[in-house]
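Please read the structure below before turning to the comments.
The values are calculated or read from the model by the stated rules, or taken from the named source; none is laboratory data. Everything quoted here is computed from the prediction, not taken from an experiment. Here Cβ is always computed from backbone atoms with ideal geometry, including for glycine, and neighbour counts include all displayed protein chains. Please note that ligands, DNA and RNA were not included when accessible areas were found on the heavy atoms of the full protein model with its side chains. Shrake-Rupley method; radii C 1.70, N 1.55, O 1.52, S 1.80 Å.
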Amino acid sequence: MLKYDSYDIVLQEIPDEVSLCLTITGCQLACEGCHSEHLWNPENGTELTHDIFRNLITKYKKTITCVLFMGGEWVDSELIALISMTKREKLKVGLYTGLNEKQMKRKHPILLENLDYLKTGKWIADLGGLNSISTNQVLKDLTTGRILNGYFLNNK
Ligand code: SF4
C-alpha cells in the first residue's frame, strides 16, 4: 500500500493544469541534498487507501484538471490502480520521479503508457531544477512528446 505524506492543490508543477498533488513516501533514490529526506522512509505517512483517494477526487474534481503523484512508481500496481480511478473522472495524471526516462521505460513501461505528464531526473543541486538552464530534469507532455521546461525558464 502506498503512503502519502501530504497533498495540496498546485498551479505551477504542471503548466496550464490545476493539480491535486500527492507526495508519496518511500522514495528509494536518496539524492544528495534531497529537500525531503523524511520521504525516504516507507513507514512514514498515511496509507493512501482507495477510499481516501476517491474522497479526495470527489472533493476536488470540480477544481482540478490533473492529479500529480510525487513518487510512488516503486509500487507499479498500486499506482496504476490510482491512475485508473483518476482517468475514470476524466482527469489527467502526472508523475514526478527521480528516475530518468530510460530507466522509466525499462522498469515501469506500464506507467508510461498511462501517464499524461512525466518529470524525470534526480535532484542534483549543482544543476538546479526545472527553472535552471543547466538542469538534468525534464518535464514532458507524454501525449504530445513536448518538453515543457521552457515554461519554468520563462517564469524565472
Ligand atoms: S527523488 Fe526527490 S524525494 Fe527522492 S531523494 Fe531525490 S529529491 Fe528526495
Matching entry among 83, 133, 110 (being away from the ligand (no atom under 12 Å from the Cβ), at pLDDT 95 or above and open to solvent by less than 20 Å² (accessible area, probe 1.4 Å)) | 83
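Okay, residues lined up against (1) open to solvent by less than 50 Å² (accessible area, probe 1.4 Å); (2) in a helix (DSSP H, G or I):
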position	(1), (2)
7	no, no
17	yes, no
23	yes, no
28	no, no
43	no, no
52	no, yes
55	no, yes
Verdict on residue 90 being assigned to a loop (DSSP other than H, G, I, E, B), open to solvent by 50 Å² or more (accessible area, probe 1.4 Å) and more than 16 Å from the ligand (Cβ to nearest atom) = yes
Top-ranked residue in region 57-74 [being in a loop (DSSP other than H, G, I, E, B) and open to solvent by 40 Å² or more (accessible area, probe 1.4 Å); ranked as nearest to the ligand (Cβ to nearest atom)] = 74
Of residues in region 136-153 being open to solvent by less than 30 Å² (accessible area, probe 1.4 Å) and of a type in the set (S, T, N, Q), the one nearest to the chain's Cα centre (by Cα) = 137
